[in-house]
Structure formats: structure tokens, C-alpha cells
Amino acid sequence: MMQNADLLSGAPARGEAGADSSGLWIKSSAGEYQLVVAPGALKQLPAQLDALGIKGRCWIITDTTVGPLYLDRIVELVGPSRPVLSYAVPAGEQSKSLALAETLYTWMLEGGVERRDVVLALGGGVVGDLAGFVASTVLRGVELIQLPTTVQAMIDSSMGGKTGVNHARGKNLIGTFYPARVILADTTTLRSLPRREFAAGVAEAIKHGVIADAALFDDLEANLDALYGLAEPITGELIRRSAAVKAAVVTADERELGVRMLLNYGHTLGHALEAAAGYGALLHGEAVSIGMELAGQIAIRTGRYSEAELARQRALLRAAGLPIAPPPGLTADAVLAAVGLDKKRDAGTVRWILPERIGSAVVVRDVPPALVREVLEQALT
Ligand SMILES: NC(=O)c1ccc[n+]([C@@H]2O[C@H](COP(=O)([O-])OP(=O)(O)OC[C@H]3O[C@@H](n4cnc5c(N)ncnc54)[C@H](O)[C@@H]3O)[C@@H](O)[C@H]2O)c1
Ligand SMILES: [Zn+2]
């Protein structure tokens, strides 16, 4: 079992108000990089390119939904000082493919990409993962800047350096560790984000509160309407503090050998529900929300967490517009098979992230499969 004691003791600037509170620093083996969360953060792009000594051309990779909304803004910002090229992949998870990566390689190589050039990943986690993968591999690596436009990407996927594409055998099976040089999260871009996508990102923010930051959980509870109403400075502040949890975790454990596993709270059953329901039926964050409810129940039954804390978690997830029960039509067998808890696998190989209380979680390997089945069966009736 592993504790996350003092996880946040070395956390970068957490939530204080003030001119420089928008910047979080993340350490990685490739160097330190900054995440800026603020309304208007994109305006920093030209100055950041200069400060980082990036002199080459900008290759913007975006998707067909985000491109029409924000591409002009980026071109206006950097176009005057350097050449800009752009490519919009089809919006959606199916774009995270080797085939599309190859299309992007061809686009860049035929356009004469050089190692001093920079890829700007403008969009959600799909664009971030795909563009990061391409940036890390074309010419053995060009510069990368992440410009996340979803809550999920701002507080989770743009940080930590995991890039990747999907394979027929599963999600994210092909990829690299390749952190961005800087991440600029402009909260004004969230104005166009559909509410369901917004809520799916908030699920991960609530997760961060439960696993590592009780004060963040309290403040999400108290300010949920302001968050959804995009009332600044509250929205930026909550997104920044939620991002700070991920920043601290990946700084402490870049390669997921220890504490980074805690970020998988709600994901063991969440991923299984996503797969069993058929990809696309549940948004990832929605599946994680249900996974957190079920993991919370497992925690209680294994002597952790309390009914009162699970009730608070449930109420916050519900208030955020997230589901806490699996969709109809699933069977416990199908979900357990997707977890790997069928006969083929040793139960001890499945890791469970279980909360001890709001603000602290542990990694547990010895949860009896029969208990998981019981919790699932109850939730499915
Ligand atoms: N690398 C990591 O560490 C990591 C961590 C978690 C998740 N991920 C990956 O992230 C991906 C999910 O990311 P996501 O939730 O951001 O989904 P996404 O990138 O598919 O974006 C969701 C939808 O919102 C649209 N969109 C994005 N920004 C918008 C805006 N500002 N206004 C209007 N529409 C907008 C997109 O076009 C898309 O249709 C998954 O592929 C997942 O595997 C990666
Ligand atoms: Zn997740």
C-alpha cells in the first residue's frame, strides 16, 4: 500500500491570489516547464516563443471543431513574426490513430519541417495526445507547446508528457513521454465548450480534490455555479488549483512508478465501463464519475472512507451534472471481464485507488473480486 502523504508539500504556487499565481511549474527529466492558466493566456504565446528561444515555424495541429473557433486568433498572434501552418484533424477520439499521425508526418515533411520548428497543439486531449506524439517523433522530436481548450486538457492531459495514439488492441498503447515546453490554458476558450464536455472535465477536478486536496474539494462544492458560469477569477482559480494537483503528482513521479497511480482513482472501473458500454456511449469523465462512486463503495466496504464522505462526493458529482450509476444494459460479467477480473488473471494484478477520506487516497491490490462483483451487481440493479 502506498501513501500520498505530503504529496502537495512541494506543490507549485497553489491558489494564492496575485499577479503570478497563474503560473505552475512542472519538473520533468526533460526540464522544467510552465502551465499558465488565465483568461487571455493565449496572448502570451509570442512572448513565450521568444523567451523559449524558439525561432522556427509554427505547425498548428487542431481539430475541425476547435480550428474554426480559435485558429484565426493564433495566426493573428504569431503570424506577424513567424510563418504559421495549420492542419485540422477530424474532431473526436478516432483521430488518435497511427494513420492520422502518418498523414501529419507527410504534411510536415513535405512542407520542409525543421528541428527548430514548433508544434502548437490547439484543442482538447485528443489533439494534445496526437500532436504531442507527432512532435516527439518527427525528425526525432521538434518543439512542442500545448494550447488546451477543454477542462480535461487544462487540468489533466496537457501536463505530464504522456502522448499517444490508439491501436486496434486498445487505447493509448502507442506513445511517448514528451512534455511540452510551455502550456497556455486560456479559460476564455471554455465559453464554447459544450456543457457535457465541461462536466466531464470537472469529474477529473473532483477526483483531484478527493485524492489529494480537501480544500479544493470544499471550494468546488462552494463555487460550482460560478465555475460553470465561467465567472472569473473563480473559474481560473479552480482550474489552476485542480491542475496544481496533477502538476505536483507528475513532478513527484514522472513515470507512474508510485504516486502518479493515484490519478487513476475511478479509472479501474471507469475504463471498464467505458469499454463495456461501447466507446462513445459514455464520455471518459462520465465513466470516471461512476467509477469514483463504485470505488468509494469499495473503500467503505474495505474499512476506508465513510458513508458521510461518499455522500458528499456523490452530491458534488451529481451537482456537476455527472452520472453516478452505470448505464442500463450492462452486466457485471462484462464489466469485470473488461477490468481483467475474469479467470484469466490474478486478482492481485488489478490496482485499486481507494480514498481514505476526502483529500487522501491509497493504492490497494488486495480487493477481493467477489466484493467488486457485489458492488457492481448492486449498482447494476
Ligand atoms: N496524455 C494524458 O496524460 C491524458 C490524460 C487524460 C486523458 N487523455 C486523453 O485525452 C482525450 C480526451 O480529451 P478531451 O476530453 O479534451 O476530448 P477531445 O479532445 O475529444 O475534446 C472534446 C470535444 O470538444 C471539442 N472541443 C475542444 N475544445 C473546445 C472548445 N473550446 N470549444 C468547443 N469545442 C471544443 C472537441 O473538438 C471534441 O469534439 C482522450 O483521448 C484521452 O485518452 C490523455
Ligand atoms: Zn481520466
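The values are calculated or read from the model by the stated rules, or taken from the named source; none is laboratory data. Since we're looking at a predicted model, the values are computed, not measured. Quick reminder, even Gly has a Cβ in these numbers, built from the backbone with ideal geometry, and neighbours come from all protein chains shown.
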The lone exception for V367 - which of (1) in a helix (DSSP H, G or I); (2) closer than 29 Å to G278 by Cβ it fails
(1)
Determine which single condition I298 fails, assuming it passes every other condition in (1) crowded, with 20+ Cβ neighbours inside 10 Å; (2) closer than 24 Å to V250 by Cβ.
(2)
Kindly provide the set of residues from the range 303-316 that are closer than 22 Å to T381 by Cα, surrounded by fewer than 16 Cβ atoms within 10 Å (Cβ to Cβ) and either in contact with a Leu (Cβ under 7 Å, 6 or more places away or on another chain) or not acidic (D, E) (or both), ordered by number.
A311, A315
What is the residue count in the range 275-290 for residues that are within 13 Å of ligand 2 (Cβ to nearest atom), in contact with a Gly (Cβ under 9 Å, 6 or more places away or on another chain) and farther than 15 Å from G209 by Cβ?
5
Contacts under 7 angstrom Cβ, first residue in the range 183-196 being in contact (Cβ under 8 Å) with a residue 12 or more places away in the chain, partner within 16 Å of ligand 2 (Cβ to nearest atom) and in a strand (DSSP E or B), 6 or more apart
I183/P148; A185/P148
Of all residues in the range 162-174, count the ones that are more than 8 Å from ligand 1 (Cβ to nearest atom) and at pLDDT 95 or above.
2
Tell me, please, whether a residue that is surrounded by 18 or more Cβ atoms within 10 Å (Cβ to Cβ) and either outside any strand (DSSP E or B) or without any contact (Cβ under 8 Å) to a residue 24 or more places away in the chain (or both) can be found in the range 114-124.
yes
When the range 95-113 is examined, which residues are found to be assigned to a helix (DSSP H, G or I) and not charged (D, E, K, R)?
S95, L98, A99, L100, A101, T103, L104, Y105, T106, W107, M108, L109
Options R260, R241, R195; residue that is at pLDDT 95 or above, surrounded by fewer than 19 Cβ atoms within 10 Å (Cβ to Cβ), touching a helix residue (DSSP H, G or I) at 6+ places or on another chain (Cβ under 8 Å) and of a type outside the set (A, V, I, L, M, F, W, C)
R195
Some residue of the range 321-328 being free of Cβ contacts under 8 Å to residues at least 24 places away in the same chain and either closer than 18 Å to E221 by Cβ or not in a helix (DSSP H, G or I) (or both)
yes
Between a residue in the range 280-296 that is free of Cβ contacts under 8 Å to residues at least 24 places away in the same chain and any residue that is more than 11 Å from ligand 2 (Cβ to nearest atom), which pairs come within a Cβ distance under 7 Å, given they are 6 or more apart or on different chains?
A287/L273
Residues G124, G132: which one is of a type in the set (G, A, S), under 25 Å from R240 (Cβ atoms) and in contact with a Leu (Cβ under 8 Å, 6 or more places away or on another chain)?
G132
Take T251 and tell me if it is under 28 Å from G31 (Cβ atoms) and more than 16 Å from ligand 2 (Cβ to nearest atom).
yes
Going by the conditions given, is M154 in a loop (DSSP other than H, G, I, E, B), of a type outside the set (G, A, S), closer than 16 Å to L122 by Cα and within 15 Å of ligand 1 (Cβ to nearest atom)?
no
Please determine, by comparing only the residues of the range 150-172 that are more than 16 Å from ligand 2 (Cβ to nearest atom) and not charged (D, E, K, R), which one is nearest to the chain's Cα centre (by Cα).
V165
Could you please let me know if G40 is among the small types (G, A, S), within 16 Å of ligand 1 (Cβ to nearest atom), under 25 Å from D156 (Cα atoms) and surrounded by fewer than 16 Cβ atoms within 10 Å (Cβ to Cβ)?
yes
Look at L104 and say whether it is within 18 Å of the chain's Cα centre (by Cα) and not charged (D, E, K, R).
no
For the structure I just gave you, tell me whether E293 is part of a helix (DSSP H, G or I), at pLDDT 95 or above and within 16 Å of ligand 2 (Cβ to nearest atom).
yes
Suppose the filter is more than 16 Å from ligand 2 (Cβ to nearest atom), within 23 Å of A205 (Cβ to Cβ) and either of a type outside the set (D, E, K, R) or not in a loop (DSSP other than H, G, I, E, B) (or both); does L147 pass it?
yes
Taking the residues in the range 46-66 that are within 16 Å of ligand 1 (Cβ to nearest atom) and not hydroxyl-bearing (S, T, Y) as candidates, determine which candidate is surrounded by the most Cβ atoms within 10 Å (Cβ to Cβ).
I61
If I filter the range 127-143 for residues that are polar (S, T, N, Q), more than 9 Å from ligand 1 (Cβ to nearest atom) and farther than 21 Å from F177 by Cα, do I get at least one hit?
no
